[in-house]
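The values are calculated or read from the model by the stated rules, or taken from the named source; none is laboratory data. Given the structure is predicted, the values throughout are model-derived calculations rather than measurements. No Cβ is skipped: glycine too gets one built from the backbone with ideal geometry, and neighbour counts run over all protein chains shown. Remember, those area values only see protein heavy atoms, side chains included, never the ligands or the DNA or RNA. Shrake-Rupley method; radii C 1.70, N 1.55, O 1.52, S 1.80 Å.
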Amino acid sequence: MAFSGALTITDLDDFLTPSQACIIPVRGAKTSEDQGPTEIHIDDDNNYYEVSMYPTADAGPSGASGAAKKALEKAEINLNDCLACSGCITSTESLLITLQSHLEVIDFIKTNPTNHDPDAPCHKPRLPILSISPQTLASLSAAYSTSTSRSTIPLLVLLRRIRAFLSRPDKGGWRVWDTTFARHMSLKETAVEFHERKDKKGKGKAVELPMLASACPGWVCYAEKAQGDLLPLLSAARSSQGIIGALAKQWYGGRTSHRPDEIYHVTAMPCYDKKLEASRSDFYSSLYSTRDVDCVLTTGELDLLLQDLEFDPYSSVADEDIPSVSVSDASPFPELLTHEGSSSGSYLSTIIRTMQQSCPNPTRIITREIRGSSDNVEYLIHDTITGEVIFKGAKVYGFRNLQNLVRKVAKETGIGRAGRSGAGAGKLSLAVAARRRKARTAGGVATPTTDSSDAESIASLSLQNGEDKKLDFVEVMACPGGCVNGGGQMKPAAAAQTPTKESDAMEVDEEGYQRPLPDDGTAPASTAKDGSDAVEGMDEGMRWSTKEWVAKVEEIYWTGLPTPPPSPPLTASNLDESFSTEVKTNDNGAINGADRLAISDKVAEEIVNEVCGDDPAKRWEFLRTRFRKVESDILSQGGVTHEAVKW
């Protein structure tokens with residue numbers, strides 16, 4: 001149950017263990033003044049009583065034996081308590097999620113009546129749907145390849161094999177989709193929302209910029225609990241899981257004559273926090289008492305489910321490598337769409353593309369790593385004719401970089417603690433930027449005299465102008481390396497080591513991985529860069545993974561898709577090209593990636609019109625969500641403060 005592992009708040013970290021007490025049970029009503037002092041007593045049956053220390057009239061002054069006592073109710077914690085709690089700040093809170101697991105799915109398969117069962121009850125069985133993220137497919141492919149020493153399985157092939165296996169009646173009769181079409185709709189809505197905000201700014205209205213991507217539930221949970229003032233900056237567009245849930249229950253259910261509560265929808269995600277996202281009130285239908293996503297499995301939990309069902313990933317099926325051009329009964333949407341940019345959703349890349357398309361002049365993209373980190377990169381779009389920097393964006397992955405982003409945004413906007421820390425904070429940052437520009441000018445910038453130096457000149461000019469430019473959009477992810485390094489992903493296989501004694505044996509979690517984490521929930525004894533007493537091969541900041549493993553999953557993510565040629569990550573060069581509106585195919589008849597996206601645009605528009613019609617309110621509810629600031633009774637009482645954060 002790995003999370004970023006970068007942020008530690010006093011004696012807490014990003015992990016909960018059973019020995020760590022949740023603060024919810026100890027919150028109670030204030031003791032009334034006439035009740036006087038009380039104590040908690042526990043009887044032989046382990047029942048808890050609150051006993052008044054005031055003697056009763058019959059008991060005499062001696063003690064509590066005759067004192068009035070009140071039975072205390074047992075505390076119950078559910079997902080809504082976790083979402084409304086500010087005590088865990090950055091924890092995935094996954095140990096409190098007991099219902100969303102592969103065991104629940106197995107129980108559903110066993111108990112859900114199917115048509116092939118002659119003894120099934122007369123009531124209508126629930127329709128099972130499994131939606132798998134592309135990051136999950138890439139992680140599974142890497143794990144299968146490593147464990148068997150065989151070649152990696154392309155994402156399309158693996159998706160088809162899982163679909164063919166789970167669609168069997170004895171395995172549950174599942175509909176198996178991927179989530180890339182839902183991601184495509186999320187990206188489109190994110191772009192629409194961004195330009196809505198830009199238009200408001202152009203008209204002189206108050207606008208919430210920079211817009212911060214909200215697809216990462218770990219970041220959203222942290223923002224709601226600890227950075228509530230920044231919530232207006234978060235994009236309201238639903239994540240891919242939020243949209244695939246709406247598609248399954250609201251659109252597909254209507255097409256197949258199933259009510260939302262007659263569909264059992266499971267998603268497979270790279271992150272534990274997606275379980276918390278699925279429990280949000282915006283994704284719940286009070287009319288049918290059902291959620292858009294009934295159960296969220298991590299990649300590791302999906303692997304356990306497939307193991308229990310005896311799935312063979314290397315058992316081929318018919319037409320497994322032939323991309324589908326149109327929708328079908330097996331997949332009502334286009335399959336495995338590739339969006340250039342990042343393996344964490346490509347939100348920044350989508351905004352960059354729309355900004356380039358809206359600019360009448362040629363543009364050039366300049367990138368800059370902040371402090372040499374590939375997880376913290378700024379992107380500037382430079383108008384090559386006017387010399388203006390028309391857009392400044394960034395991708396920020398990992399809580400270490402996220403904290404710096406919070407401070408930067410607060411200074412630029414005046415929102416949040418950092419923005420209120422001093423009236424001259426913004427002026428100070430501008431003064432620092434001016435001194436930096438002056439120093440670079442004093443150092444001498446050669447005037448370009450050849451074509452080869454034009455790019456360097458433009459880059460230098462853009463970086464200078466970019467110092468004054470405020471951020472417009474940020475792609476935020478809580479995990480270092482992004483979603484391919486999510487806490488629920490498959491972990492790199494480690495060489496088996498036989499413990500010399502019983503005390504050396506490490507605990508094994510539900511997914512079969514050794515977790516060298518003490519029972520008190522604190523970090524291992526040493527996280528030094530030299531690796532002393534640390535987990536062998538594990539990189540700092542990637543508690544249960546390695547950079548090599550993440551790179552392998554990333555490579556698989558971008559290859560083997562039904563989009564020839566493979567789409568590379570976001571770079572300056574590949575975004576300077578323009579899309580063609582003409583539908584083209586390769587020698588095998590496969591439609592290229594840009595045209596598949598254009599076809600998907602039409603399918604998405606048809607679905608939205610079918611579900612929402614011309615009602616803008618319905619469209620908003622179908623494609624967007626809300627965020628709520630958690631009233632922090634811990635921070636307000638002087639408990640955990642930002643000054644207590646230790647790196």
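Mind listing just one residue for me: the one in segment 279-311 that is more than 29 Å from F622 (Cα to Cα) and free of Cβ contacts under 8 Å to residues at least 60 places away in the same chain and, of those, most open to solvent (accessible area, probe 1.4 Å)? Give the derivation first.
Step one: filter segment 279-311 for residues more than 29 Å from F622 (Cα to Cα), giving 300, 303-311.
Keeping just the survivors that are free of Cβ contacts under 8 Å to residues at least 60 places away in the same chain gives 307, 310.
Details: Q307: 109, E310: 151 Å².
Applying the filter and picking the extreme gives E310.
Yes/no per residue for (1) touching a helix residue (DSSP H, G or I) at 6+ places or on another chain (Cβ under 6 Å); (2) open to solvent by less than 10 Å² (accessible area, probe 1.4 Å); (3) over 30 Å from D319 (Cβ atoms); (4) not polar (S, T, N, Q):
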| residue | (1), (2), (3), (4) |
| --- | --- |
| L166 | no, yes, no, yes |
| V192 | no, no, yes, yes |
| M211 | yes, yes, yes, yes |
| S240 | yes, no, no, no |
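Is it true that A246 is more than 29 Å from S343 (Cα to Cα) and either part of a helix (DSSP H, G or I) or hydrophobic (A, V, I, L, M, F, W, C) (or both)?
no
Could you tell me which numbered condition I370 fails, if it satisfies all but one of (1) surrounded by fewer than 19 Cβ atoms within 10 Å (Cβ to Cβ); (2) over 23 Å from the mean Cα position of the chain (by Cα); (3) of a type in the set (A, V, I, L, M)?
(2) is the only condition that I370 fails.
Which of the residues belonging to segment 217-230 are open to solvent by less than 20 Å² (accessible area, probe 1.4 Å), out of contact with any strand residue (DSSP E or B) (no Cβ under 6 Å at 6 or more places or on another chain) and part of a helix (DSSP H, G or I)?
Passing the criteria: P217, G218, V220, C221, Y222, A223, E224, K225, A226, G228, L230.
Looking only at residues that are closer than 17 Å to S374 by Cα and open to solvent by 40 Å² or more (accessible area, probe 1.4 Å) in segment 545-569, which one is modelled with the lowest pLDDT?
Checked segment 545-569; the qualifying residue modelled with the lowest pLDDT is P568.
What single numbered condition from (1) closer than 30 Å to H382 by Cβ; (2) at pLDDT below 50; (3) touching a strand residue (DSSP E or B) at 6+ places or on another chain (Cβ under 9 Å); (4) not aliphatic (A, V, I, L, M) fails to hold for F579?
That leaves (3) as the condition not met.
If you scan segment 282-307, which residues turn out to be over 20 Å from A182 (Cα atoms) and among the small types (G, A, S)?
If the condition is that a residue be over 20 Å from A182 (Cα atoms) and among the small types (G, A, S), then S286, S289, G300 are the ones that fit.
Out of all the residues in segment 600-640, which are among the hydroxyl-bearing types (S, T, Y) and either on the phi > 0 side of the Ramachandran plot or modelled with pLDDT under 95 (or both)? Give the steps one after another, and end with the answer.
Pass one, segment 600-640, residues among the hydroxyl-bearing types (S, T, Y): 600, 625, 632, 636.
Selection gives S600, S632, S636.
Looking at (1) more than 21 Å from G488 (Cβ to Cβ); (2) assigned to a loop (DSSP other than H, G, I, E, B); (3) among the small types (G, A, S), which one does S214 not meet, given that it meets all the others?
Failed condition: (1).
Name the one entry in T98, T136, T114, T148 that is at pLDDT 90 or above and open to solvent by 10 Å² or more (accessible area, probe 1.4 Å).
On the way: T98 fails: at pLDDT 90 or above; T136 fails: open to solvent by 10 Å² or more (accessible area, probe 1.4 Å); T114 fails: at pLDDT 90 or above.
Among T98, T136, T114, T148, only T148 is at pLDDT 90 or above and open to solvent by 10 Å² or more (accessible area, probe 1.4 Å).
Could you look through segment 233-243, keep only residues that are of a type in the set (A, V, I, L, M, F, W, C) and outside any helix (DSSP H, G or I), and pick out the one that is nearest to F622 (Cα to Cα)?
Step one: filter segment 233-243 for residues of a type in the set (A, V, I, L, M, F, W, C), giving 233-234, 236-237, 243.
Those still in the list that are outside any helix (DSSP H, G or I) too: 234, 236-237.
Values: L234: 17, A236: 11, A237: 10 Å.
Here the residue is A237.
Counting only residues that are more than 25 Å from K225 (Cβ to Cβ) and part of a loop (DSSP other than H, G, I, E, B), which one in segment 252-278 is most open to solvent (accessible area, probe 1.4 Å)?
From segment 252-278, those more than 25 Å from K225 (Cβ to Cβ) are 252-266, 268; that's our starting set.
Subsequent filtering for residues that are part of a loop (DSSP other than H, G, I, E, B) retains 256-259.
Details: T256: 42, S257: 89, H258: 37, R259: 110 Å².
Top of the filtered list is R259.
D321 - would you say it is open to solvent by 50 Å² or more (accessible area, probe 1.4 Å) and more than 23 Å from I243 (Cβ to Cβ)?
yes
Taking segment 175-190 only, how many residues are under 13 Å from I132 (Cα atoms) and either open to solvent by 10 Å² or more (accessible area, probe 1.4 Å) or in contact with a His (Cβ under 7 Å, 6 or more places away or on another chain) (or both)?
So the count comes out to 2.
Here is a yes/no grid of residues against (1) closer than 28 Å to L212 by Cα; (2) outside any loop (DSSP other than H, G, I, E, B); (3) out of contact with any strand residue (DSSP E or B) (no Cβ under 8 Å at 6 or more places or on another chain); (4) modelled with pLDDT under 70:
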site	(1), (2), (3), (4)
I458	yes, yes, no, yes
K469	yes, no, no, no
P480	yes, no, no, no
G487	yes, no, no, no
K491	no, no, yes, no
A494	no, no, no, yes
Q497	no, no, yes, yes
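Of everything in segment 388-407, what is among the charged types (D, E, K, R) and under 16 Å from W219 (Cα atoms)? Give them in sequence order.
Residues satisfying the conditions are K395, R400, R407.
Mind checking whether some residue in segment 324-341 is within 22 Å of T190 (Cα to Cα), part of a loop (DSSP other than H, G, I, E, B) and either of a type in the set (S, T, Y) or open to solvent by 30 Å² or more (accessible area, probe 1.4 Å) (or both)?
Yes, some residue in segment 324-341 is within 22 Å of T190 (Cα to Cα), part of a loop (DSSP other than H, G, I, E, B) and either of a type in the set (S, T, Y) or open to solvent by 30 Å² or more (accessible area, probe 1.4 Å) (or both).
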